[in-house]
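Read the structure below first, then the notes.
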Amino acid sequence: MSAAPKKPSLGLRSFRTKFILVVGGAVLFDLLVSGSLALWNVQRLSRDATTQVGEGLEKASQDYIRSSTESTVAQVGLLLNQVHSDVKALAGVLQSQIDRPTRNNKVGAAMAKADPNAVTVTFDSGGGWAQNAPGSPSVVSVWGYLLDKDHRPLPQVQTDIETSAVLDLVAPNLLQNGASKLQMYYIGPKERPIFRTAPYTVQAQTFDRLYPGHNKENFWTFFFPGIYESWQQWARNPASRPVPEDITQTAPYTDAITGKLIVSFFHPLWTADRRDVAGIAGADITLDQLAEIVEHVKVAETGFGFLAMSNGNVAAISRTGEKIIGLRAASDATNQGVTGLDRSLRNSSQKAIASLPLDADGVIHHISLRENGEDVPYLVVTKQLLPSNLWVNGPVQREVMSLGIVVREHEIYASLIAAREQIASATNRILLYQILAVLVSLLIVAAAVFAASKRITGGISALAAAARSIEAKDYSVRVAITSKDEVAQAGLAFNRMAEQISFHTENLEKLVDERTKEIEAAKEEIEALNTQLKSENLRLGAELDVARHIQMMVLPRPAELGAVEHVEIAAYMRPADEVGGDYYDVLQNGRSLKIGIGDVTGHGLESGVLMLMVQSVARALQEAGETDPSKFLAHLNRAIFKNIERTKTDKHLTLSFLDYDGDRLTISGQHEDLIVIRKTGEVERIDTGDLGLPVGLESDISPFVDTREISFKQGDLIVLHTDGVTEAENPRGELFGIDRLCQSARLLHGQTAEEVKDGIVEGLMAYIGTQKIHDDITLVVMRHR
């Protein structure tokens, strides 16, 4: 018998083997290609997102540090401007004394009579100088070389002592108000450098202790060499000033009296012919005030600020900041002259700080500072202040101080670093999920291929596995069924469903991503606008406060009101806003007294500026000697009308003036009714409607201006007011009214002008109660003694 034939070996020729090799190889290749492309796209998108987010956050962070710098610069500039304003005010009073010798003599005589200690000095044999006794608002020191053989001040020196005594009237108020100041003073010219300072201190005794030999040397040469010669050059040639203003500021130095680090601000006084220096008015502020602004800079967590001179000397910085940027402080050890502060960036132990350019205005520098043996990245931005005249030790120079902000990079870029870390984390998760998806797909394909012999079972199993993947939100899964039966149709339907789900899911994710980016962009824009609005509100608030301060400064002082013979004058003003539009003034020239009262339409900044114009023009006309009431009002109107035309504003004002020469009282101009309470208690109301037109409506109102003489005898009382008094409302909306004002004045008749004014105001405020004040309130009371 022949042997039975062997069955041929299937090997590679079997259908299953071919299916595995062909189908498995093709699917594997496709998965590898598509997976690689997906991974490459994810990495590219990650890089692009990191770059775009980084650029946006970096710009926002840099804008934030620049904004902080500019805001702090504005605060420092405002402090310096306030000090300048107060020094100029003191200088204006002293210069007026110098320019008017006759009035100067009268003021000196009055001060000597009112306060002999202010102009009387006593010789100190131990110190070799003379000084007034305690009890006056100021101390005046006269060095030994300014005394005669009997140890009395030389005649011209005594004149300077009396001239400077007016500082007792002005300096206490300037010290109490405006910018905080350590002291204000007057120093005489080089040939007679007496030194008067408010408040009173033992200044000569302190100078003897700290500066031996100063009493044998000229004051200016000993303490401030070169500064006086610079001012003399300015007198000969004003264009030679480094900065076109008279205020001169010193570099920071140690104050002899207080021991504090201070900065002095000098305003030279000129001789009447303006050809030489007649002394100076000055004020000192401590570096604590500048440091308070700079040290309160808060940027990120540990950012700080510093204020530096152009030569790198740091005037203000916190203790922590001083340590971080490696400053070394040193002072002049000699006893001659002022002791200056030496704390320079150029001597910093940090090389990056020593070479830091201060004139790179607004440029952000990336530097490294050494901390605990490691290099720590920092950001530094500097902003220059307005230029000023500076004395250090020699001629006066032009100085531009700079404010710097220093902050660690990782703090200012904290959001950028966090965003990059989140993007990197998300990218790693996506890559991991993509690799897992490829591996899962390979396992599914392998299972389907190995189960091809069981086509129906294998097809159903593939559909079930794919369905589970869809349930797990893996929308990339697809089933490959090559048969042409119902299972294949189900597979095709499944694939179409998966594609639709994937399409809608991807679109939804894209839409969510787009909306998220739009919301983030809008949020950043809103935050930027909020920051800008806050900065603008701070600036406007500071400007209105300065305007209100200036407005209140020009009002008559109590001393001026009390200086009028035979007439008591009391006044009250309350603006409805930060800046008011009411006007009143008391101008005296010899025996001639002019009292003005007016009301600018509306209130606020524009009205306040127009009020200041009226005050300035009225003062100028009074000083020019214009005594005719009608001409006075017509000239004032012409000047104000031209200013209103130039500023293109629609403001005007009612305005009346009372001229009193001791015998006659003349009223001119249109305003509210004038109220007169006679000695007998009889009330008279003087209508001013026919005495003029509102100022600022027409260029020439002289045809409409008229005058009226009013009897004003001993015991009579006159009340001037603006409509803010009569039109004030109580909580029920009822007006205070002219009748109620007349009744209040009549009931208070017989008391002093101050008591009458206080009584009317107290009654008015009680009537208003909690109701909002809608208009400026001004009240002037005159009583013939």
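Bear in mind that the values in this text are calculations on the coordinates, not laboratory data. The structure displayed is predicted, hence computed values, not measured ones. Neighbour counts run over all protein chains shown; Cβ positions are idealised from the backbone, glycine included.
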*Ordering of 779-785, 570-576, 763-769 by packing [mean C-beta count within 10 Å, highest first]*: 779-785, 570-576, 763-769
*Computed E for Arg370/Ala426 - FRET, C-beta separation, R0 51 angstrom, nearest 0.05*: 0.90
*asked:* What is the distance in Å between the Cα centroid of region 179-222 and that of region 246-303?
replied: 16 Å
*Helix 738-748 versus the longest principal axis of the chain: what is the Cα-based angle in degrees, 0 to 90, to the nearest 10?*
50 degrees
*Determine the calculated [θ] at 222 nm for the chain from helices alone, applying -39500 (n - 2.57) to every DSSP H run no shorter than 4 residues and normalising by the residue count; nearest 500 deg cm²/dmol.*
-15000 deg cm²/dmol
*For the pair Met765 and Ala559, what calculated FRET efficiency results from E = 1/(1 + (r/R0)^6), where r is the Cβ-Cβ distance and R0 = 25 Å, to the nearest 0.05?*
0.45
*region 556-784, dipole about Cα centre (Lys/Arg Cβ +1, Asp/Glu Cβ -1), debye to the nearest 20*: 260 debye
*P(r) of the chain in 20 Å steps, Cα pairs, percent per bin?*
12, 29, 26, 14, 10, 7, 2, 1, 0
*Potential lengthening between Ile519 and Ala493 on full extension [0.36 nm per residue; Cα-Cα distance subtracted]*: 5.5 nm
*Take peptides 299-305, 368-374 and line them up by average Cβ neighbours within 10 Å, highest first, as a rough protection proxy.*
299-305, 368-374
_Nitroxide proxy distance, nm - points 7 Å out along Cα→Cβ at Leu154 and Asp273_ = 1.9 nm
*Taking H as built 1.01 Å from N, whose amide H comes closer than 5 Å to the amide H of Ile675, not counting residues under 5 places away?*
Ile686, Val719
*Once you've got the Cα coordinates, tell me which of Lys106/Lys594; Lys88/Lys651; Lys260/Lys534; Lys594/Lys713; Lys181/Lys260 are over 24 Å apart.*
Lys88/Lys651; Lys260/Lys534
*Once label points are set 7 Å from the Cα along Cα→Cβ at both Lys642 and Asp115, what is their separation, rounded to one decimal in nm?*
4.2 nm
_C-alpha long axis of helix 455-471 to longest principal axis of the chain, angle in °_ = 10 degrees
_How much length would be gained if the chain were fully extended between Leu735 and Gln232, taking 0.36 nm per residue of separation minus their Cα-Cα distance, in nm to one decimal?_
175.0 nm
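Ratio of alpha-carbon Rg to the 2.2 N^0.38 Å globular estimate for region 556-784, to two decimals, please. Before the final figure, lay out the partial values.
Details: Rg = 16.8 Å, N = 229, 2.2 N^0.38 = 17.3 Å.
Here the answer is 0.97, to two decimals.
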*What's the FRET efficiency of Tyr433 with Arg66 using the Cβ-Cβ distance as r and R₀ = 56 Å, to the nearest 0.05?*
0.85
*Can you list the residues, at least 5 places off or on another chain, whose amide H is less than 5 Å from the amide H of Asn132, using H built in the peptide plane?*
Thr122, Val140
*Measuring from centroid to centroid over Cα atoms, what is the spacing of region 73-109 and region 601-624 in Å?*
21 Å
*Value of relative contact order over the chain, rounded to a whole percent, pairs C-alpha under 8 Å and six or more apart*: 9 percent
*Against the longest principal axis of the chain, how steep is helix 155-164, in degrees 0 to 90 to the nearest 10, with axes from Cα atoms?*
50 degrees
